[in-house]
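First up is the structure itself, then whatever we jot down about it.
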Amino acid sequence: MIVIPPNMKSQYKRIKEAALIQNKLVCQVACEATLRKKNAQSIATKILLQIIAKRGNTLWVPKTKGKVEDTMLVGIDTGSLPGGKNIMAVCGSVNSTFSSIYTKSLEYKGMEDKFQTMHKGVFHIVEYYVERNKVPPKDIILFMNSCSMDQVRILKEYFIDEFVKKCNEVYAEKVPALQVIMVNTKTS
């Protein structure tokens, strides 16, 4: 836990980068002014919950009316870093309560490399699921940004078809069913 004084508030991002990226150290950073607010007990509770979650503990488990065992939820997002680097983040649930996740960040070079990187990232998370659960998921529900119809065709050809082919090679009779849900994240 790192508490930074008001005159260092602008250093918040640098401190987090130094801890997480350079030193691989999970930390919680809070501004001193935040801790001095009237609702300090509520703020302290929220900070404690964040620390607990970062240590790998489960804070809550969603309840469902139906059975969703052996289902894996996966999300993919992309972004750009300074210097023109393209980054893809893939995050997937790895237990039946969706309370434990595994993430993978990958760099890719332009559109020609994007779908292959997506394939690699999702398959990496499926492999982790198998390592943890000893069997592949029965269903994979993939959430991603929506795209135009010509891009849907490209997505199917260069990602979905290749991913299913690789799953058939590796998992034979236990090939996960893949459902893709495209979410329109643009709002007006």
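The values are calculated or read from the model by the stated rules, or taken from the named source; none is laboratory data. Note that the structure is predicted; figures quoted are calculated from it, not measured. Please note: Cβ atoms are built from the backbone with ideal geometry, for glycine as well, and neighbour counts cover all protein chains shown. Surface areas here come from the heavy atoms of the whole protein model, side chains and all, with no ligands, DNA or RNA. Shrake-Rupley method; radii C 1.70, N 1.55, O 1.52, S 1.80 Å.
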Taking the Cα centroid of segment 7-37 and of segment 129-184, what is the distance between the two, rounded to the nearest whole Å? 37
Against the longest principal axis of the chain, how steep is helix 110-133, in degrees 0 to 90 to the nearest 10, with axes from Cα atoms? 80
When the gyration tensor of segment 106-182 is built from Cα positions, what are the square roots of 5 times its three eigenvalues, in whole Å, from largest to smallest? 22, 14, 11
Top mean-square fluctuation among 37, 165, 174, Gaussian network model of the chain, C-alpha springs under 10 Å? 37
Work out from phi, with θ = phi - 60° and the Karplus expression 6.51 cos²θ - 1.76 cosθ + 1.60, the ³J(HN,Hα) of each residue of segment 9-18, listed in order in whole Hz, and give x for Gly and Pro. 3, 5, 8, 3, 4, 5, 5, 4, 5, 4
Honestly segment 1-46 on the Cα gyration tensor test (a ≥ b ≥ c root eigenvalues; a/c under 1.5 rounded, otherwise a/b vs b/c for prolate or oblate) is just oblate
Comparing 18, 177, 30 in a Gaussian network model of the chain (Cα, 10 Å), the one with the largest mean-square fluctuation is 18
Run the accessible area of the chain with a 1.4 Å probe and give the carbon-and-sulfur part as a rounded percent. 55
Show me the three semi-axes of the equivalent ellipsoid for the chain, from the C-alpha gyration tensor (sqrt of 5 times each eigenvalue), largest first, rounded to whole Å. 35, 22, 16
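With every protein chain present, what is the per residue accessible area of the chain (1.4 Å probe, Å²)? Walk me through the numbers before you get to the answer.
Numbers: 12940 Å² over 188 residues.
Result: 69 Å² of accessible area for each residue.
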Students often get this wrong: which residues of segment 160-175 have the backbone nitrogen under 18 Å from the point 7 angstrom along Cα-to-C-beta of residue 116? 160-167
